[in-house]
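Since every read-out is calculated from the coordinates, none of them should be taken as a lab result. These numbers were taken from a predicted model, which means no experiment stands behind them. Neighbour counts run over all protein chains shown; Cβ positions are idealised from the backbone, glycine included.
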Amino acid sequence: MTSKFKDYVKEVETSLSDEERAWFDTFRVRDAAAMRKPVVYLAGPYSRPDPIENMHWAIKCADSLLDVCSPLVPHITGIWHLVSPKPYETWLAIDRDHVAICDALYRFGGESSGADQEVEYARKIGIPVFTERGELLRFLEGWHP
């Protein structure tokens with residue numbers, strides 16, 4: 001945006017009534033939402049065989065997707081649990097809330113009843129679920145809010 005145009009926008013904004021400004025701001029919010037990356041929930045093993053190793057792999061998976069999405073890594077709550085332990089059911093409830101706000105779920109390898117429950121929940125509420133990285137990447141290429 002040129003500085004002349006920015007000055008013009010600023011001048012227009014300062015002349016708006018509160019009602020007009022609120023209307024104008026809704027477009028800013030929509031523009032910001034349209035520019036965001038899709039959020040992908042990463043569902044995979046946490047407890048077995050080793051939580052630290054599983055966190056490691058979940059973070060590596062997230063790193064590999066950073067260019068195409070904003071990965072949500074529930075495994076990181078393991079650090080929260082070290083500071084303030086919660087019952088397993090509490091973590092599952094938090095995970096369900098996180099699944100519900102995502103644009104997709106990627107179920108990566110390893111046995112996990114918790115991750116399987118997250119997949120089932122995502123499907124139930126209409127969140128696309130992917131088990132193959134290539135399918136996920138094709139979905140992300142065509143994604144728009």
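Before moving on, here are some points about what is shown:
- For the chain, modelled as a GNM whose springs connect Cα atoms under 10 angstrom apart, the maximal fluctuation among Asp18, Asp63, Asp103 occurs at Asp18.
- Sparse-neighbourhood loop sites, chymotrypsin sites (Phe, Trp or Tyr not before Pro) in the stretch 68-145 - DSSP loop, at most 15 other Cβ within 10 angstrom: Trp143
- In the chain, excluding the sites themselves, the longest stretch lacking any of the GluC sites (Glu not before Pro) that are in a DSSP loop with at most 14 other Cβ atoms within 10 Å is 1-110.
- Helix 88-100 vs. the chain, principal-axis angle (Cα, 0 to 90°, nearest 10): 40 degrees
- Modelled FRET efficiency - R0 35 Å, Thr131 with Thr14, Cβ distances, 0.05 increments: 0.10
- Spin-label model, Glu111 to Trp23: label points 7 Å out along the Cα-to-beta-carbon direction sit 6.2 nm apart.
- Listed options for Cα extents along the principal axes in Å are (i) 49, 45, 31; (ii) 61, 36, 29; (iii) 69, 32, 28. The value calculated from this structure is the one marked (ii).
- Lysine pairs in the chain with Cα atoms under 27 Å, if 8 or more residues apart or on separate chains: 5
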